[in-house]
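Here the structure comes first, spelled out in structure tokens, and everything after it is commentary.
Computed from the coordinates by the stated procedures, all read-outs in this text should not be read as laboratory data. Everything numeric here is computed off the predicted structure, so don't read it as measured data.
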Amino acid sequence: MKNNPLKAILLLTLINLFLIFTVSGCSNKDEFKNESKEQHSEDEHKDHGHENEVVLTEAQISLMGIEFTKIELQNINGYIKVNGEIMMNQDNESKVGSIIPGRVKKIYVKEGTFVRAGQTLAVIENPDMINVQVEYINAKNEYEYAKQEYDRQKKLNNDNIGSKKNLAEFETIYKRTLANYKTLEEKLTSYKISKNRFDNIYTDTVADLQRNFAITAPISGNIVSRMITIGQYVEPSLDMFHIVNTSSVYVDLSIFEKDLPYVQVGQKVDIKIGSNTDDKHQGKISFISNIFDDKNRTVKVRVAADNRSRKLYPFMFVTAKIYINEISVPSIPVSSVESEGESKYIFIKTGEKRKIENHDGHNEESHSEEAHNEEEEERIVFRKYQINTGMSDDRFTEIFLSDGLKHGDEIVSKGTFYLRSELKKEDLGGHEH
């Protein structure tokens, strides 16, 4: 049988096509396997690492200068940092009015004026003041006459000359005139009229009667409001002036229930207003409320603060540090704590170690054996952990132990910034450590 060249060429073509499809199918299958393996490894890394974990080699830890410490008991002579509001001292606040009605004749002060206790603020006039003084003078005369007659009847009775009936009558008159005299004397005092001005009332050519009533300041302080004008008729129910003395104020602080065991009356408190850290004021806790604010989960603590500098204005918001006695509590270095909004967290050095493989292909000839060993090196796992803190001082912060956190746990005390940066890399999609 003779060979047919056309059949030979066709047979070779079929063989080549078969080899091409076979090689291509194997290559695609291997590529699919590699992609699946890489995806599985990456998913496994995500599952185990999660978004709150960072893995580093010993070399990276050394390069970043990361240091560790343990959660342990420390003696803290520290403070609790709280917020509050400045309040007026009610003992240094007064609403001033008149005890008698009258028309305003003169005003001596304006809003903002500083006045001292006893200083005259205004004067009102009332014709009834003349009547009160005349009544007092007459009552005094009647009392003095009744006393003389009563004393005379007592002497006669002692000498067995007088009548007991007369003595009883004069005693009744004497007591009635005494009561009337003392009542009007008290009325003069409330009207701020001295009774001594009437000692020479019958020898003076002009009767020394007081016609005006002085409105005086009961406390020292500033006039924060004036509610009257000259010529206005005022009643005893009307407030004429409002005086406030802010040389001492109260600061009401809100203490969370977890901090209550550390707070007691007499503790020293540093108060700060605004952003000026040098502008501090001192006070002491004078009162701890027995009522719990269920809405804010706090208890009000009142601080008496010296304000002679007049820099603490009522109703301003402040921050404060309550200094507490030395106490031994679970603590960590201040440098360990990172903040994220209102939350605080630390990094724990776990006991886990993990190998992170390079999925670019270890079989490539360009990779040296040293590089391969480096990629296979076990890395240390760090886990971000949210915490609740208590009192602090310049070195340590109290930490409240909870599930998964215990004495002796090793935490990052220096270099938390780098771990936080690594977490941000992962948030952006990178997984290089």
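Structure summary
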{"quantity": "Global form of segment 235-320, assessed from the alpha-carbon gyration tensor, a/c cut-off 1.5", "calculated": "oblate"}
{"quantity": "Under the Karplus curve 6.51 cos²θ - 1.76 cosθ + 1.60, θ = phi - 60°, whole-Hz ³J(HN,Hα) for segment 414-422, x wherever Gly or Pro sits", "calculated": "8, x, 4, 4, 5, 5, 4, 5, 5"}
{"quantity": "Cα-based reach from Lys147 at 17 Å (exclusive), listing lysines while leaving out same-chain residues under 8 positions away", "calculated": "Lys155, Lys164, Lys165, Lys175, Lys182"}
{"quantity": "Proximal lysines relative to Lys300, as straight alpha-carbon distance under 30 Å, when same-chain residues fewer than 8 apart are discounted", "calculated": "Lys81, Lys95, Lys258, Lys268, Lys272, Lys280, Lys284, Lys311, Lys321, Lys344"}
{"quantity": "Inter-part distance where segment 256-296 and segment 336-351 are each reduced to a Cα centre, Å", "calculated": "26"}
